[in-house]
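Colleague: This is the structure I have questions about; it appears just below.
The values are calculated or read from the model by the stated rules, or taken from the named source; none is laboratory data. A quick note: this is a predicted structure, and the numbers were derived from the prediction, not measured. So basically every Cβ, Gly included, is an ideal-geometry build from the backbone, and we count neighbours across all protein chains shown.
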Amino acid sequence: MNSLYIFYVVLGVVALWAILIYNGLVGGKNQTNEAWADIDVQLKRRYDLIPNLVETVKGYATHEREAFENVSRARVQALGAQSVQEKAAAENMMTSALKSVFAIAEAYPELRAVEGFTKLQDELADTENKIQAARRFYNGNVRDFNIQIEKFPSNVIAGPLGFTKREFFELNDEAAKEPVAVKF
């Protein structure tokens, strides 16, 4: 009779242990998803600002068509990106394209005096800062989640239940790691 109680206690402890680990993994996965959603919100805000910025600069620099086409192409690619790797590549392209637009804008002092343009600059600078903060938050959550998946004893539960490591959201292009210059 005592051995039966001991068996049930051990079984209960093992079940409780498995439940706690599973719940921790689910929490980590959900925190990582939430952090990715924060990045998506900021990227969408950036994508929404870009057409206004391009139109404002276009009015002053009509002969710089290629740069504007590059920004439009980068925006479309970024909007269509699905995976973390695709988003990172699209963001690298977007950052380079934006730098070329701001380089064009530097050649037009009268553009810098336009209130709408300076407001767009400020909003874009704010958005860039928020994207960096969201990326750091996401990567921190990914790091914690990946550690949780790899550590014993949670790796015993994570693998069979389909929890997989997440990718970091990193910029690969050295030029894209520098912030977009928005000051004139």
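Colleague: Mind checking whether some residue in region 10-30 is surrounded by 12 or more Cβ atoms within 10 Å (Cβ to Cβ), closer than 30 Å to Val71 by Cβ and modelled with pLDDT of 90 or more? Spell out the reasoning first.
Modeller: So in region 10-30, the residues surrounded by 12 or more Cβ atoms within 10 Å (Cβ to Cβ) come out as 17-18, 20-22, 24-30.
With closer than 30 Å to Val71 by Cβ added as a condition, the list becomes none.
Within region 10-30, none of the residues are surrounded by 12 or more Cβ atoms within 10 Å (Cβ to Cβ), closer than 30 Å to Val71 by Cβ and modelled with pLDDT of 90 or more.
Colleague: Also: List every residue pair whose Cβ atoms lie under 9 Å apart, where the two residues are 6 or more positions apart in sequence or sit on different chains, the first residue falls within region 108-136 and is hydroxyl-bearing (Ser, Thr, Tyr), and the second residue, located anywhere, is assigned to a loop (DSSP other than H, G, I, E, B).
Modeller: So the pair list comes out as Tyr108/Tyr60; Tyr108/Ala61; Thr118/Phe184.
Colleague: So if I check each of Ala78, Ala107, which one is under 12 Å from the mean Cα position of the chain (by Cα) and of a type outside the set (Ser, Thr, Tyr)? Break it down stepwise before answering.
Modeller: On the way: Ala107 fails: under 12 Å from the mean Cα position of the chain (by Cα).
Just a single option satisfies the conditions, and that option is Ala78.
Colleague: So, one more: Of the residues that make up region 105-123, is at least one surrounded by 14 or more Cβ atoms within 10 Å (Cβ to Cβ) and under 30 Å from Leu25 (Cα atoms)?
Modeller: So the first thing to find is which residues in region 105-123 are surrounded by 14 or more Cβ atoms within 10 Å (Cβ to Cβ), and the list is 105, 108, 111-112, 114, 117-118, 120-121, 123.
Keeping just the survivors that are under 30 Å from Leu25 (Cα atoms) gives none.
No, that holds for no residue.
Colleague: While we're on this one: I'm checking my understanding of the structure. Among residues of region 55-67 that are within 19 Å of Glu110 (Cα to Cα) and hydrophobic (A, V, I, L, M, F, W, C), which one is surrounded by the most Cβ atoms within 10 Å (Cβ to Cβ)?
Modeller: Val57
Colleague: Taking Glu110 as meeting all but one of (1) part of a helix (DSSP H, G or I); (2) modelled with pLDDT of 90 or more, write down the number of the exception.
Modeller: For Glu110, the failing item is (2).
Colleague: Listed residues Lys87, Lys99, Lys165; which is under 30 Å from Val26 (Cβ atoms) and in contact (Cβ under 8 Å) with a residue 24 or more places away in the chain?
Modeller: Values: Lys99 fails: under 30 Å from Val26 (Cβ atoms); Lys165 fails: in contact (Cβ under 8 Å) with a residue 24 or more places away in the chain.
Being under 30 Å from Val26 (Cβ atoms) and in contact (Cβ under 8 Å) with a residue 24 or more places away in the chain holds for just one of Lys87, Lys99, Lys165, which is Lys87.
Colleague: What pairs can you find where one residue is in region 149-160 and under 13 Å from Gly28 (Cα atoms), the other is of a type in the set (S, T, N, Q) and part of a helix (DSSP H, G or I), and their Cβ atoms are less than 6 Å apart, with a gap of 6+ or different chains?
Modeller: Listed by first residue and then by second, the contacts come to Ser154/Gln148.
Colleague: Would you point out the residue of region 45-81, among those that are of a type in the set (S, T, N, Q) and at pLDDT below 85, that is nearest to Glu123 (Cα to Cα)? Reasoning before the result, please.
Modeller: Filtering region 45-81 down to residues of a type in the set (S, T, N, Q) leaves 52, 56, 62, 70, 72, 77.
Subset that is at pLDDT below 85: 52, 56, 62, 70, 72.
Working: Asn52: 11, Thr56: 14, Thr62: 23, Asn70: 21, Ser72: 19 Å.
Residue satisfying both the conditions and the ranking: Asn52.
Colleague: Which number in (1) surrounded by 13 or more Cβ atoms within 10 Å (Cβ to Cβ); (2) not in a helix (DSSP H, G or I) marks the one condition that Asn52 misses?
Modeller: For Asn52, the exception is condition (2).
Colleague: Follow-up question, since we're still on this one. On the given criteria, is Ala105 touching a helix residue (DSSP H, G or I) at 6+ places or on another chain (Cβ under 8 Å), of a type in the set (Gly, Ala, Ser) and closer than 30 Å to Asn139 by Cα? Lay out the reasoning, then the answer.
Modeller: Details: touching a helix residue (DSSP H, G or I) at 6+ places or on another chain (Cβ under 8 Å): yes; of a type in the set (Gly, Ala, Ser): yes; closer than 30 Å to Asn139 by Cα: no.
Considered against the rule, which asks whether it is touching a helix residue (DSSP H, G or I) at 6+ places or on another chain (Cβ under 8 Å), of a type in the set (Gly, Ala, Ser) and closer than 30 Å to Asn139 by Cα, Ala105 comes out as no.
Colleague: Taking the residues in region 34-49 that are closer than 26 Å to Phe117 by Cβ and among the charged types (D, E, K, R) as candidates, determine which candidate is surrounded by the most Cβ atoms within 10 Å (Cβ to Cβ). Can you show your working first?
Modeller: In the first step, residues of region 34-49 are kept if they are closer than 26 Å to Phe117 by Cβ; the result is 41-49.
Retained after the next criterion (residues that are among the charged types (D, E, K, R)): 44-46, 48.
Details: Lys44: 13, Arg45: 15, Arg46: 23, Asp48: 12.
Checking each candidate, the answer is Arg46.
Colleague: So if I check each of Glu128, Glu167, which one is modelled with pLDDT of 85 or more, within 21 Å of Ala88 (Cβ to Cβ) and in a loop (DSSP other than H, G, I, E, B)?
Modeller: Numbers: Glu128 fails: in a loop (DSSP other than H, G, I, E, B).
Every option except Glu167 fails the conditions.
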